[in-house]
Amino acid sequence: MATARVQEQASMRIETMPDGRRIVFGGPLTVDQASRLDARLRAIQAIPGEHLCFVLDGVSAFDTSGAWLIYRTMRDLRFAGARPSYMGASPEQEGLIEQALINDAPCPIRPKMRNSLIVQIEDVGKGTVDFLESVGLILSFLGLVLLRFARALAQPWRLRLTSTVYHIEQVGWKALPIVGLLCYLIGLVIVQQGAEQL
């Protein structure tokens, strides 16, 4: 039985008819035989307006790979201007071809791989620019603070002492309890992690 299985291979022949061409298949159109016919099916040249008939009554086995080969070839030939059709398919084979039609969806093309050295240089450049932008923002903030502070020293009557003391109280003195609690809890976590490591 193993010898018979090895000898059974997919076949395909093209017959020229008065009204077009017939592509006659034989043997199993399954996943292990798909590669044998893929290149030959892709090589079929479409003639605009020509009728091409795929004959499937000689197919002994059929799965989704065979259905995709048939459907894809018919689709490409139809886009090229030909008039493809098929005949001799069993209801199960027609169902598989219909499923290939339903599930035919474009997939995004994988982008070309770029030179790793160029990618690394680009990453370094982007990181440097981001770092310099961050430094610029920090310096801008510090400069604004120093400018306001210098103006307050030059014109002390413009300093709003009540508002300054109020904000110092809110973000300083009244923040001590929550800051102390956070420091205590973080310390507990660090101690626990240290004990686990030891």
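The values are calculated or read from the model by the stated rules, or taken from the named source; none is laboratory data. Everything quoted here is computed from the prediction, not taken from an experiment. Every residue, glycine as well, gets a Cβ built from its backbone with ideal geometry; the counts of neighbours run over all protein chains shown.
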Seminar exercise, completed: Selection from the stretch 1-39 of residues modelled with pLDDT of 85 or more, in a helix (DSSP H, G or I) and more than 17 Å from Ala67 (Cβ to Cβ) yields Ala39
Problem set entry | Top-ranked residue of the stretch 96-133 - restricted to ones that are basic (Lys, Arg) and exposed (fewer than 10 other Cβ atoms within 10 Å of the Cβ), ranked as farthest from Ala61 (Cα to Cα) | Arg114
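From the residues in the stretch 15-50 that are among the β-branched types (Val, Ile, Thr) and closer than 12 Å to Thr73 by Cβ, which one is nearest to the chain's Cα centre (by Cα)?
Our first condition is that a residue be among the β-branched types (Val, Ile, Thr); within the stretch 15-50, this holds for 16, 23-24, 30-31, 44, 47.
Then drop every residue that is not closer than 12 Å to Thr73 by Cβ, which leaves 23, 44.
Working: Ile23: 37, Ile44: 32 Å.
So the residue we want is Ile44.
Please note which helices (runs of 4 or more DSSP H) are completely contained in the stretch 84-198 and include at least 2 residues that are more than 42 Å from the chain's Cα centre (by Cα) and aliphatic (A, V, I, L, M). First the steps, then the outcome.
Working: elements: 91-102, 116-154, 161-168, 176-197.
Correct list: 116-154, 161-168, 176-197.
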Exercise. How about the stretch 59-85: which of its residues are among the hydroxyl-bearing types (Ser, Thr, Tyr) and farther than 17 Å from Thr30 by Cβ?
Worked result: Ser85
